[in-house]
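Chemist: Take a look at the following structure, please.
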Amino acid sequence: MSTTADVIVVGAGHNGLTCAAYLAEARLEVLVLEAREFVGGNTATEELTLPGWRHDSCSSAHVVIQSNPLIARDELLLLERYGLGYIVSDPAVVFPSTGEESLVFHPDLVRTHERVARYSLADADALISMIDEWESGLRVTHAYVQSGLTPPDGEWSERYEALRQRSARDVIEETFTHPVVRRAVTWLAFATIQSPLRAGTGVLPASIVAGRLRFGWTTPKGGSQSLPDALVAHLRDHGGSVLVDAPVVRYVREGDRCVGVRTADGREFRARRAVVAGSHLRELADQVADPTEDLLHAREIWRPGLSVFAVHFALREHPTYLIDGEWRPAVGAGLGSPEGLFAQVTAAERGEVDLTSPWLLMVNSTVVDPDRAPGAVFKFLTVAPERFEGRPWRDADADAYASRLVEFARPHLRGLEESNILCRVTESPTSLAERNPANLGGSCHGGQFEESGQVFPGWRSPRTGIEGLYLTGSTSHPGGSVSGRPGRNAARAVLDDLGLGADTVMARP
């Protein structure tokens, strides 16, 4: 493998690979360097519990990326040519209640309206109005913002900005009245792990609910790994390369320009035209000689935000939920009250645990993708303090936390009896950070930046202020989740700066 390329991309998570694939599509020679022994980052699929049981170690749903032109317009032919496939689940998500019927959201607005109307016709109509407003103009503005582009001036941009500045809780409480409906929408609004209590999250109820109503619980066929695998196939088909076990520790500068990188074992790789850093922005300033004030500032104001806790199960049979009088399986289900979520988030931010009625995501991808395992691949996901009682999480702490989550969930579904559990593996914020160096503070979503009382999830620009050095990854705009936006945004910046024109390989926005 050559140690020189037009562009070097650091990190083979889905954003780094997305950036690399667009650049290769534009006929640049691209080399991707990955610190771990396999590609995928937080879109990896691994045998975490038992041999033959393929778990998504972090991300499971690929809903947000469906509105990215990468997938929506299949700009790189990942769907047509490179083996990527998605399954739109129905139900989109189930909200079970103890001993009662579950509230079900479908990938269909009319059917979901009928479900919500069983609890409140006014709330069902409010749901229609919220989605109509989103589809009428807010969605296009959102696409510009996610792409790092300035939205067109006009009423919709003003309305979007006014909505965004509010908190998700305030928007939900103003829009919906029935406690069951508020519970469902609040749960959904938290799907990107941003506190619904803070200003700046007001757009999330509409954006996330609209995504579920269009795309269900979009499940990548074969596992989350299928996305990075398709991107690698595209990259190699266009002359690019990927090198694993190559942790980058230094970005090499000559004068004002970044010209390459150095790995932990002393190897140096040179870039003729650009370097794209998927490195965590908390660490990048320490890896660059004479970092800019921008990079230093990013290092100082980054915070982990809300850390993640996961439990992976290998189950004999599918868990089921009470839907229309029958016990049925579902890909995605959510538990926890708004008050419980608010208490959990507030406690986690203080470094404490509150599991009174926690936000809990339950995922069973094998409902629609049975080839992943001989039984059910099941997962819990929730938030937790970065440290447990002021210290790193121990295995015993994590197991006890997981057991409390199991006890909380059991009254709401069937299939979590001990006789159905073949294996259980927990991932605390501490072990998540150890598993993937990008998960600083146990944050799989890249954390957040806090400045002058404001919080934003991704750094504002893919340009670093150092000639030839660009940013991608979950700490770049618009932040975490499987969106592909940081990768696509970085590729646009590189292509435009090189005079190659991003519009040759991607649409706007």
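The values are calculated or read from the model by the stated rules, or taken from the named source; none is laboratory data. Owing to the predicted nature of the structure, the values given are computational and were not obtained by experimental measurement. When we count neighbours, we look across all protein chains shown, and the Cβ atoms used for this are built from the backbone with ideal geometry, even at glycine.
Chemist: So the check is Cβ under 6 Å with 6+ separation or different chains; which pairs have a first residue in segment 61-84 that's part of a helix (DSSP H, G or I) and a second one that's among the hydroxyl-bearing types (Ser, Thr, Tyr)?
Modeler: Listed by first residue and then by second, the contacts come to Val64/Ser481; Val64/Ser483; Ile65/Ser483; Gln66/Thr218.
Chemist: May I ask you to verify whether Gly390 is surrounded by fewer than 16 Cβ atoms within 10 Å (Cβ to Cβ) and not assigned by TED's automatic domain parsing to the domain that holds Leu284?
Modeler: When the stated conditions are applied, Gly390 passes them.
Chemist: Which of the numbered conditions does Glu47 fail, given that it passes all the others? Conditions: (1) closer than 30 Å to Gly278 by Cβ; (2) modelled with pLDDT of 95 or more; (3) surrounded by 15 or more Cβ atoms within 10 Å (Cβ to Cβ).
Modeler: Going through the list (1) closer than 30 Å to Gly278 by Cβ; (2) modelled with pLDDT of 95 or more; (3) surrounded by 15 or more Cβ atoms within 10 Å (Cβ to Cβ), Glu47 breaks only (3).
Conditions tested, residue by residue: (1) at positive phi; (2) buried (at least 21 other Cβ atoms within 10 Å of the Cβ).
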| position | (1), (2) |
| --- | --- |
| Arg183 | no, yes |
| Trp187 | no, yes |
| Ala191 | no, yes |
| Leu197 | no, no |
| Gly200 | yes, no |
| Arg214 | no, no |
| Thr218 | no, yes |
| Ser224 | no, yes |
| Leu227 | no, yes |
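Chemist: Then there's this: Looking only at segment 261-293, count every residue that is in contact with a Ser or Thr (Cβ under 8 Å, 6 or more places away or on another chain), surrounded by 14 or more Cβ atoms within 10 Å (Cβ to Cβ) and not hydrophobic (A, V, I, L, M, F, W, C) and tell me the total.
Modeler: Result for segment 261-293: 7.
Chemist: Of everything in segment 458-470, what is hydrophobic (A, V, I, L, M, F, W, C) and farther than 10 Å from Val275 by Cβ? Give them in sequence order. Steps first, please.
Modeler: Filtering segment 458-470 down to residues hydrophobic (A, V, I, L, M, F, W, C) leaves 459, 466, 469.
Passing the criteria: only Trp459.
Chemist: Mind checking which residues of segment 126-144 are under 15 Å from Ile172 (Cβ atoms) and crowded, with 16+ Cβ neighbours inside 10 Å? Before the answer, list the steps.
Modeler: Residues of segment 126-144 that are under 15 Å from Ile172 (Cβ atoms), as a first pass: 126-127, 129-131, 133-134.
Passing the criteria: Ala126, Leu127, Met130, Ile131, Glu133, Trp134.
Chemist: Which ones in segment 331-379 are over 25 Å from Glu389 (Cα atoms), part of a helix (DSSP H, G or I) and over 19 Å from the mean Cα position of the chain (by Cα)?
Modeler: If the condition is that a residue be over 25 Å from Glu389 (Cα atoms), part of a helix (DSSP H, G or I) and over 19 Å from the mean Cα position of the chain (by Cα), then Thr366, Val367, Pro370, Asp371, Arg372 are the ones that fit.
Chemist: Condition first: of a type in the set (A, V, I, L, M) and either surrounded by fewer than 22 Cβ atoms within 10 Å (Cβ to Cβ) or free of Cβ contacts under 8 Å to residues at least 40 places away in the same chain (or both). Now tell me which residues in segment 34-44 satisfy that.
Modeler: Ala35
Chemist: Of the residues in segment 1-32, how many are surrounded by fewer than 24 Cβ atoms within 10 Å (Cβ to Cβ), among the aliphatic types (A, V, I, L, M) and modelled with pLDDT of 95 or more?
Modeler: Residues meeting the conditions: 2.
Chemist: Contact list please: Cβ distance under 6 Å, first residue in segment 255-283 and closer than 21 Å to Asn489 by Cα and in the same structural domain as Arg36 (by TED's automatic domain parsing), second residue buried (at least 23 other Cβ atoms within 10 Å of the Cβ) and among the polar types (S, T, N, Q), pairs at least six apart or on different chains.
Modeler: Val276/Thr472; Gly278/Thr472; His280/Thr475; Leu281/Thr475
Chemist: Of all residues in segment 229-246, which are buried (at least 17 other Cβ atoms within 10 Å of the Cβ), assigned to a loop (DSSP other than H, G, I, E, B) and out of contact with any helix residue (DSSP H, G or I) (no Cβ under 9 Å at 6 or more places or on another chain)?
Modeler: So in segment 229-246, the residues buried (at least 17 other Cβ atoms within 10 Å of the Cβ) come out as 229-232, 234-235, 238, 240-242, 246.
Within this subset, residues satisfying the condition of being assigned to a loop (DSSP other than H, G, I, E, B) are 238, 240, 246.
Ala246 - this is the single residue of segment 229-246 that is buried (at least 17 other Cβ atoms within 10 Å of the Cβ), assigned to a loop (DSSP other than H, G, I, E, B) and out of contact with any helix residue (DSSP H, G or I) (no Cβ under 9 Å at 6 or more places or on another chain).
Chemist: Here's something else I'd like to know. Report, by residue number, each residue of segment 405-439 that is assigned to a helix (DSSP H, G or I) and within 15 Å of the chain's Cα centre (by Cα). Even if it seems obvious, please write down each step before you answer.
Modeler: The initial filter retains those residues of segment 405-439 that are assigned to a helix (DSSP H, G or I), namely 405-412, 418-420, 429-435.
Within segment 405-439, just Leu432 meets the criteria.
Chemist: Of the residues Ser452, Ser461, Ser403, only one is out of contact with any Cys (no Cβ under 7 Å at 6 or more places or on another chain) and either among the β-branched types (Val, Ile, Thr) or within 26 Å of Pro247 (Cα to Cα) (or both); which?
Modeler: Details: Ser452 fails: either among the β-branched types (Val, Ile, Thr) or within 26 Å of Pro247 (Cα to Cα) (or both); Ser403 fails: either among the β-branched types (Val, Ile, Thr) or within 26 Å of Pro247 (Cα to Cα) (or both).
Step by step, each of Ser452, Ser461, Ser403 is checked, and only Ser461 is out of contact with any Cys (no Cβ under 7 Å at 6 or more places or on another chain) and either among the β-branched types (Val, Ile, Thr) or within 26 Å of Pro247 (Cα to Cα) (or both).
Chemist: Same structure, new question: Looking at Leu361, is it touching a Lys or Arg at 6+ places or on another chain (Cβ under 9 Å) and farther than 18 Å from Cys58 by Cα?
Modeler: Criteria not met by Leu361.
Chemist: Looking at (1) under 29 Å from Pro220 (Cα atoms); (2) of a type outside the set (A, V, I, L, M, F, W, C); (3) more than 20 Å from the chain's Cα centre (by Cα); (4) not in a strand (DSSP E or B), find the lone condition where Glu174 falls short.
Modeler: (1)
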